1. Go through segment 165-188 and count every residue that is under 23 Å from Val118 (Cβ atoms) and of a type outside the set (A, V, I, L, M).
2. From the list Arg215, Arg178, Arg234, which one is part of a loop (DSSP other than H, G, I, E, B) and not assigned by TED's automatic domain parsing to the domain that holds Leu121?
3. Evaluate the following for Val48: is it out of contact with any Lys or Arg (no Cβ under 7 Å at 6 or more places or on another chain), modelled with pLDDT of 95 or more and under 26 Å from Trp196 (Cα atoms)?
4. With Val118, Val107 as the choices, which residue is modelled with pLDDT under 95 and over 21 Å from the mean Cα position of the chain (by Cα)?
5. For segment 205-222, state whether one or more residues are of a type in the set (Lys, Arg) and at pLDDT below 95.
6. If you go through segment 20-45 one residue at a time, how many are of a type in the set (A, V, I, L, M, F, W, C), surrounded by fewer than 17 Cβ atoms within 10 Å (Cβ to Cβ) and part of a helix (DSSP H, G or I)?
7. Can you name the residue in segment 84-99 that is under 16 Å from Gln126 (Cβ atoms) and not polar (S, T, N, Q) and, of all such residues, is surrounded by the fewest Cβ atoms within 10 Å (Cβ to Cβ)?
8. Given the residues Val65, Val48, which is the only one that is in a helix (DSSP H, G or I), within 23 Å of Ala123 (Cβ to Cβ) and in contact with a helix residue (DSSP H, G or I) (Cβ under 6 Å, 6 or more places away or on another chain)?
Amino acid sequence: MSVTARRVSQLRALEAEAAFVIREVVAELARPVLLFSGGKDSLALLRVAEKAFAPLPLPFPVMHVDTGHNFPEVIEFRNRRLREGGHRLIVASVQESIDTGRVKEDVAGGSRNRLQTVTLLDAIEQHGFDAAFGGARRDEERSRAKERVLSFRDEFGHWEPRAQRAEPWTLYNARIRRGEHIRVFPLSNWTELDVWRYIEAEELELPSIYFAHRRRVIERDGILLAESEWIQPRDGERVEEAMVRYRTVGDLTVTGAVRSNATDIETVMAETEQATVSERGETRADDRTSEAAMEDRKREGYF
């Protein structure tokens, strides 16, 4: 078997596994929702879900937990992709959580990522969701490597890594008590390169920021942040125009770019093959707060 054939076979095996997880959860639980940011992982997850139920529409809505600090290109793509797919979009707004007093924004500004937790948990309770599909992968970050495919959250939305259920031979126990819910990660066993190969194989469109383009950026703590109304140069910093692309999509106040000339999927995959640091490790400032920054947020109810 050629290298190309092996790669296609591996991709289809990963796709089949992910589709199996999605169908199992839909069969066991009453009100799932798919979390969608417009990024590459949630796009791959959405495509698997569409194929899992084709030619029928998705039996659940799609939800974006929106910080309000977005790349305009990503929001435009999100709206167009979901409209063309005929999907119902729910926007859970962090700004609304701030306006209603559910969370308090740091007076100094900055990332709203931690505030997303309350917004997400409120939306899950409001809509009665008992399962939330997400595009997280184990290779992204340490705490995500600890997480099962089915990640159980208690009635407060909290995650306890030592209390997760075993999943032998891909057998999943989705039973939950009243008030609990499950985060489900069908792409757990995928890598960043798997996602890119799947996007190529499925000929999926992506937000333009995933490919090299010229952008005004500020280097801060070793990360290239996009100049915006929320990010302006501090003393000793300067704005430069550089050729960059993004490896991940998120709150633009903490999501960094990488210098790159990769303008198409082939050159992006070539760069990805050479990468020695995960996309979150290289480009997400909020994950650098401490060694356990992501795990702390996940215990509180984060994605």
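The values are calculated or read from the model by the stated rules, or taken from the named source; none is laboratory data. Small disclaimer: the values here were computed from a predicted structure and weren't measured. A quick note on method: Cβ atoms are made from the backbone with ideal geometry, for glycine too, and the neighbour counts reach across all protein chains shown.
1. Within segment 165-188, residues that are under 23 Å from Val118 (Cβ atoms) and of a type outside the set (A, V, I, L, M) number 7.
2. After applying the criteria, what remains is Arg234.
3. yes
4. Val107
5. yes
6. 2
7. Restricting to residues being under 16 Å from Gln126 (Cβ atoms) and not polar (S, T, N, Q), the top hit is Asp99.
8. That would be Val48, the only listed residue that is in a helix (DSSP H, G or I), within 23 Å of Ala123 (Cβ to Cβ) and in contact with a helix residue (DSSP H, G or I) (Cβ under 6 Å, 6 or more places away or on another chain).
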